[in-house]
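The values are calculated or read from the model by the stated rules, or taken from the named source; none is laboratory data. Just so it is clear, the model here is predicted, and its values are computed rather than measured. Backbone-built Cβ (ideal geometry, glycine too); neighbour counts: all protein chains shown. Remember, those area values only see protein heavy atoms, side chains included, never the ligands or the DNA or RNA. Shrake-Rupley method; radii C 1.70, N 1.55, O 1.52, S 1.80 Å.
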Amino acid sequence: MCDPAIEFDTRLWPQAGRERMIVPQPVGRIGTDAPDVEQDMLRRMDDTHVFMMGDNPALPRMPEKPTLLDFFTHRFGDMTFNHLLTSAKRAMDDGMDDKVVLACLLHDISNGCLIRADHGYWGAQMVAPYVDEEVAWAVKYHQPLRYFADEAAGYAYPDSYRRFFGEDYVPPDYLRRDADEARAHRWYGTARAVTMYDIYFFDKVEPIDPAIFTDIIGRNFRQPEEGLGFDRSPTAHMWRTMIWPNNFL
Ligand SMILES: [Fe+2]
Ligand SMILES: [Fe+2]
């Protein structure tokens, strides 16, 4: 959950004294009513106007070597923050193994502050360099599996999806294909378990301290020494985009 008061920070912000203009990321703007401000802002460039690059004072400043939980506490909105912690805690309280608990904790990580569309696929790719292959697999396949009931496993099509998308919504072929593929896979149970704990809580939930997952993360998430975003993994740029989501380029 983004709380600007998370730390008292006296360090200067970049390019102090200038107006740092933010162009919304195209993927979040196109097709919406939000105006395309890029041309206007290009015209405003002068000695006192630059484009946002680097730390944005509107967001809590990330530590120099960010850890997984720093993204939870410094970047994620309340909805994703509570949803991920609640899913993972329920799995942990049920005695599920580390892989399931970690997959629950990570399953919607892309929604935290990167991208919602195809979030399971984005999230899986983002975490893959740092977790067991089975965990990343479960993060990816929870997305297609959410759309298809499995009565034997006790999983019904979610009521929340009926409300989100309408009764007549038909999932696209690629989700059906991937759900079928997942069902035939030896790790099906792990991804299905994620969908079982994947419950939305629109009401106020008991606050959960993310620190309760410190041990599970320590055992199962390869935290890079340089910090997430600054290591040389193939997905470091995704973490950097979450650190500096308003960068112009
Ligand atoms: Fe999800
Ligand atoms: Fe979820």
How many Å² of accessible area per residue for the range 20-169, probe 1.4 Å? 47
For Lys89, counting only aspartates and glutamates whose alpha-carbon sits under 19 Å away and dropping same-chain residues fewer than eight positions off, the answer is Asp70, Asp78, Asp97, Asp98, Asp108, Asp198, Asp203, Glu206, Asp209, Asp215
At most 10 other Cβ within 10 Å, DSSP loop - GluC sites (Glu not before Pro), the range 63-169: Glu64, Glu167
Placing one equal point scatterer on each C-alpha of the chain and summing with Debye, one gets log10 I(q)/I(0) at q = 0.10 Å⁻¹ equal to -0.54
Skipping prolines and chain starts, which residues have an amide H placed within reach, meaning under 5 Å, of the one on Tyr155, given they are 5 or more residues away or on another chain? Asp150
